Amino acid sequence: LVHKANIMKITDGLFMQVAKRVSKDYPELEHNNMIIDNCCMQLVSNPWQFDVMILTNLYGTIVTNLICGLIGGPGVISGANIGPRYALFEPGTRNTGTALVGMNKANPCAMLNASADLLSHLKLDYHAGLIRDSVDKTVNVDKIHTEDLGGQATSIDVVQNVLNHIKAAAK
Amino acid sequence: MAGNLMKPLTGLAKHASAAASLQAVTTRSVSLTAANIPMARYGGRHTVTMMPGDGIGPEMMSYVKEVYKHAGAPVDFETVTLDPSTDNYDDLYNAIASVKRNGCGIKGNIETKMNRPDIKSRNVEMRNELDLFVNLIHCKSQPGIKTRHEDIDIVVMRQNTEGEYAMLEHESVDGVVESLKIITEASTERLCRHAFEWARANGRKKVTLVHKANIMKITDGLFMQVAKRVSADYPELEHNNMIIDNCCMQLVSNPWQFDVMILTNLYGTIVTNLICGLIGGPGVISGANIGPRYAVFEPGTRNTGTSLVGMNKANPCAMLNASADLLNHLKLDYHADLVRDAVFKTVNVDKVHTEDLGGQATSIDVVQNVLNHIKQATK
């Protein structure tokens, strides 16, 4: 749990207390907390100490963007907005990408991964697996990288590669 | 005593050439003028408030005293202890009165007990009382510390008295808590003026403002607008702004695009710790809390270091660099350079690294090395 309860004692203090209370119901899971500024420092020097993180809205966006910056992934990671009745899927770092409109340069993987998450949510796991594997192979095996990943490929190149993998797998 | 006064004049000449090649870091405050600063200076010796704080603070302060003694700095310390276990604010007000009397101070971090919401953070109270409205942290890559990013040189100007640290919280309904974030035009304006003036005086090119005005439209929007207005008076400096989350992502992938950064209190602590993590420097970088009348110096990332107390493992460089900043503030530049160069050489040339930098040295090893350099330079 990430907080700033030494300053925002009541607000983040409540956040922290509730998490402590809930963690007691899950004794097999280790639970600890960390102050947000120390957390950012730890993330850039030793990110492997973190597994699952609980954060408030603002700290969440900061840490998400930080980690996506570390893994090179603002164009790859997807995010899910989940509620008791509904769910919305979108790219993880929620960028509008206004600078890339119409230039065929934006990385489509984040949105494609989000679409795979959507399929999992609809319990269409076969199709979700198809898409997710294709995107995974495109980025990690074939290494078709758009500009944000340091490559020269266009958005269409990436999508074409994903489609090829799907065709191969669905034969 | 007379011997001590003569030394600076002869030392300066030989030192000027050495300083240029070492590129040591200096922090200059531009908002303090001679008329404003109360100077506790009698018989050529300054009196400075020393607040050891908790954790490793007291150990660090003893090193500062050692170093000052060897460097021959004409500074006497008035030590004020703050007991973290008391309920009242008497210690705190003693410390504040002392800083007001002396004009400046050096402090360690005072631990905030998180379980007591009625006791305000003493560090925050002190900054508010002394009106130390800007926290200046010069994050510079140390050539002797191996990191993924090299040659980072970012100056963080962090709002130090308001913003998210206003500590105005209340529970209006059971289980629903509100916290007020305060941004005032006056405080923002003087922060921005300080930042732009400093950038101009120190040959900087670009000032970036970090905000979340797409969500906090009025609060961060005001922050952003004031900076835009102030930037118009400094046409030679490039000014831009960036949203905090994108800023963090940019910092880990391309930190060289940043030069001077203006941030609110909370964003400031996040970004400072982030950059210090990138440059390996929580144990090396110092920070200055500057106000219109007073200045207090401390390690940049304000760590209490409770887990390292008494183990002789903590890195003393941050506190020693803070003490060098203090000497600059007192216009004892010769002594400041002595201390800063000695620390620089220890970290980057001799590479005497404590555990946080991946080495095996003890705190005492580092201090000894610093003292050796000072003795060499003052022979």
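Considering only segment A:53-78, state which residues are surrounded by fewer than 18 Cβ atoms within 10 Å (Cβ to Cβ) and within 14 Å of chain B (Cβ to nearest Cβ).
A:LEU55, A:THR56, A:ASN57, A:GLY60, A:LEU70, A:ILE71, A:GLY72, listed by residue number.
Of the numbered conditions (1) more than 9 Å from chain B (Cβ to nearest Cβ); (2) open to solvent by less than 30 Å² (accessible area, probe 1.4 Å); (3) out of contact with any Cys (no Cβ under 6 Å at 6 or more places or on another chain); (4) within 19 Å of A:LEU66 (Cβ to Cβ), A:CYS40 satisfies every one except a single condition; which is it?
(1) is the only condition that A:CYS40 fails.
So which of B:ASP91, B:ASP83 ends up being assigned to a helix (DSSP H, G or I), more than 14 Å from chain A (Cβ to nearest Cβ) and not small (Gly, Ala, Ser)?
B:ASP91
If you check every pair at least six apart or on different chains, which have Cβ atoms under 8 Å apart with a residue in segment B:277-300 that is within 14 Å of another protein chain (Cβ to nearest Cβ) first and a residue that is among the aromatic types (Phe, Trp, Tyr) and not in a loop (DSSP other than H, G, I, E, B) second?
B:GLY287/B:PHE297
Could you identify the single residue in A:ARG21, A:ARG85 that is under 30 Å from A:SER115 (Cα atoms) and of a type outside the set (A, V, I, L, M)?
A:ARG85
Considering only residues that are assigned to a loop (DSSP other than H, G, I, E, B) and either among the hydroxyl-bearing types (Ser, Thr, Tyr) or without any contact (Cβ under 8 Å) to a residue 24 or more places away in the chain (or both), which ones fall in segment B:351-372?
B:VAL352, B:THR354, B:GLY359, B:GLN360, B:ALA361, B:THR362
Hey, among the residues in segment B:321-349 that are part of a loop (DSSP other than H, G, I, E, B) and in contact (Cβ under 8 Å) with a residue 60 or more places away in the chain, which one's nearest to B:ARG293 (Cα to Cα)?
B:LEU330
Rundown of residues vs (1) touching a strand residue (DSSP E or B) at 6+ places or on another chain (Cβ under 6 Å); (2) small (Gly, Ala, Ser); (3) part of a loop (DSSP other than H, G, I, E, B); (4) open to solvent by less than 60 Å² (accessible area, probe 1.4 Å), yes/no style:
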site: B:MET39; (1), (2), (3), (4): no, no, yes, no
site: B:GLU59; (1), (2), (3), (4): no, no, no, yes
site: B:TYR63; (1), (2), (3), (4): no, no, no, yes
site: B:ALA73; (1), (2), (3), (4): no, yes, yes, yes
site: B:ILE119; (1), (2), (3), (4): no, no, yes, yes
site: B:ASP131; (1), (2), (3), (4): no, no, yes, yes
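What strands (runs of 3 or more DSSP E), lying completely within segment B:153-238, carry at least 2 residues that are exposed (fewer than 15 other Cβ atoms within 10 Å of the Cβ) and free of Cβ contacts under 8 Å to residues at least 60 places away in the same chain?
Counting at least 2 such residues, we get B:163-173, B:176-182.
Table: residues versus (1) more than 20 Å from the chain's Cα centre (by Cα); (2) over 30 Å from B:GLN368 (Cα atoms); (3) free of Cβ contacts under 8 Å to residues at least 24 places away in the same chain.
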| site | (1), (2), (3) |
| --- | --- |
| B:HIS46 | yes, no, no |
| B:SER62 | no, no, yes |
| B:ALA71 | yes, no, no |
| B:ASP90 | yes, yes, yes |
| B:ARG101 | yes, yes, no |
| B:LYS107 | no, no, no |
| B:LYS113 | yes, yes, no |
| B:VAL124 | no, yes, no |
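Being closer than 21 Å to B:GLU178 by Cα, modelled with pLDDT of 95 or more and of a type in the set (Val, Ile, Thr) narrows it down to one residue among A:ILE54, A:ILE10; which is it?
Answer to the selection: A:ILE54.
Residue pairs, Cβ under 6 Å, 6 or more apart or interchain, first in segment A:81-102 and without any contact (Cβ under 8 Å) to a residue 24 or more places away in the chain and within 29 Å of A:LYS123 (Cβ to Cβ), second open to solvent by 100 Å² or more (accessible area, probe 1.4 Å) and part of a strand (DSSP E or B). List them.
A:ASN81/A:LEU88
Quick one: how many residues across segment A:9-33 are among the aliphatic types (A, V, I, L, M), within 11 Å of chain B (Cβ to nearest Cβ) and open to solvent by less than 50 Å² (accessible area, probe 1.4 Å)?
1
Determine, yes or no, whether A:ASP37 is acidic (Asp, Glu), closer than 26 Å to B:ASP356 by Cβ and in contact (Cβ under 8 Å) with a residue 12 or more places away in the chain.
yes
Just checking, which of A:ALA114, A:ALA5 is more than 12 Å from chain B (Cβ to nearest Cβ) and open to solvent by less than 50 Å² (accessible area, probe 1.4 Å)?
A:ALA114
So, in segment A:1-27, exactly how many residues are assigned to a loop (DSSP other than H, G, I, E, B) and under 17 Å from B:ASP174 (Cα atoms)?
Result for segment A:1-27: 2.
The values are calculated or read from the model by the stated rules, or taken from the named source; none is laboratory data. For clarity, every value in this text was computed on a predicted model and none was experimentally measured. Note: ideal-geometry Cβ built from the backbone for every residue, glycine included; neighbour counts use all protein chains shown. Ligands, DNA and RNA are stripped out before the accessible areas are found, and what is left, the full protein with its side chains, is counted by its heavy atoms. Shrake-Rupley method; radii C 1.70, N 1.55, O 1.52, S 1.80 Å.
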